[in-house]
Amino acid sequence: MERVSTIKELLKNRKLKVTTTRIDVLEHLMSYASAMPYSLLQKKLKNTDRITLYRTIKTLIEKGLIHQAIFSQEETYYAVCSNTCTHQSHLHNHIHFKCNKCLEVSCEHLKKEISVAVKGLQISEVSINASGLCRKCSGLN
């Protein structure tokens with residue numbers, strides 16, 4: 001119940017209407033140990049129609065509450081943003097790592113912040129995807 005109160009507060013702080021679907025999406029993403037595949041989110045919210053779910057995810061991304069961790073032909077993964085993200089920019093000091101064996105996607109935090117600057121461009125978001133074997137699958141816990 002405490003998580004629901006936190007979610008409601010997050011939504012209000014971003015000037016979003018508190019809806020059951022928004023609460024459900026954020027609650028599932030927050031309780032999942034890593035980035036959640038869209039197909040699993042869709043299964044968990046089986047009573048929510050596809051268009052409502054799509055619009056909810058799009059709104060939560062635009063307001064800086066969640067981000068697309070990895071997008072591939074097979075699957076899209078979503079994760080909850082940190083407090084530093086806003087509707088203007090997603091500021092993440094991590095990479096998105098997908099295990100080639102178990103297919104789990106995680107946000108791996110970096111020791112040193114990555115900075116990207118390109119002359120003549122205003123960069124508002126940087127996303128780095130990496131793949132290989134996770135700690136569990138490689139036996140390097």
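Could you please rank ILE51, ILE61, placing first whichever residue has the fewest other Cβ atoms within 10 Å of its Cβ?
Details: ILE51 8, ILE61 17.
Neighbour counts put them in this order, fewest first: ILE51, ILE61.
Run the Debye formula on the Cα coordinates of the stretch 2-138, all scatterers equal and no solvent, and tell me log10 I(q)/I(0) at q = 0.11, 0.15, 0.16 1/Å.
Debye curve over Cα of the stretch 2-138, log10 I(q)/I(0) at q = 0.11, 0.15, 0.16 Å⁻¹: -0.43, -0.78, -0.88.
Can you compute the helix-only [θ] at 222 nm over the chain? Use -39500 (n - 2.57) per DSSP H run of at least 4 residues, normalise by all residues, nearest 500 deg cm²/dmol. Could you put the intermediate results ahead of the total?
Details: 5 runs with 48 residues, N = 141.
The helix-only estimate for the chain comes to -10000 deg cm²/dmol at 222 nm.
Under a Cβ-only charge scheme (Lys and Arg +1, Asp and Glu -1), can you give me the dipole magnitude of the chain about the Cα centre, in debye to the nearest 20?
On the way: 21 positive and 12 negative charges, 43 e Å.
Using only the charged Cβ atoms, the result is roughly 200 debye.
Given H placed on each backbone N at 1.01 Å, which residues far from ALA69 in sequence or on other chains put an amide H within less than 5 Å of it?
Amide H neighbours of ALA69: TYR77, TYR78, ALA79.
Work out the charge dipole of the chain with +1 on the Cβ of Lys and Arg and -1 on the Cβ of Asp and Glu about the Cα centre, then indicate which of SER106, THR19, ILE57 is farthest towards its positive end.
THR19
Structure shown: which of LYS12/LYS112; LYS12/LYS58; LYS101/LYS136; LYS63/LYS119 lie over 21 Å apart, alpha-carbon to alpha-carbon?
Details: LYS12/LYS112 32 Å; LYS12/LYS58 17 Å; LYS101/LYS136 10 Å; LYS63/LYS119 28 Å.
The answer is LYS12/LYS112; LYS63/LYS119.
Please sort through the DSSP H helices of the chain and keep those with an alpha-carbon extent of at least 15 Å along the long axis and a Kyte-Doolittle average not below 0.0. It would help to have the intermediate numbers written out before the result.
Working: long enough: 2-13 (17 Å, -0.67); 20-31 (16 Å, 0.11); 50-62 (18 Å, 0.10).
Membrane-span-like by this criterion, though nothing is claimed about a membrane: 20-31, 50-62.
With θ set to phi - 60°, apply the Karplus curve 6.51 cos²θ - 1.76 cosθ + 1.60 along the stretch 41-48 and write out the HN-Hα couplings as whole Hz, x wherever there is a Gly or Pro.
4, 4, 5, 5, 10, 4, 8, 9
Quick note: the coordinates plus some simple rules give every number you see, no bench work behind them. Since the model is a prediction, treat every value here as computed from it, not as a measurement. So basically every Cβ, Gly included, is an ideal-geometry build from the backbone, and we count neighbours across all protein chains shown.
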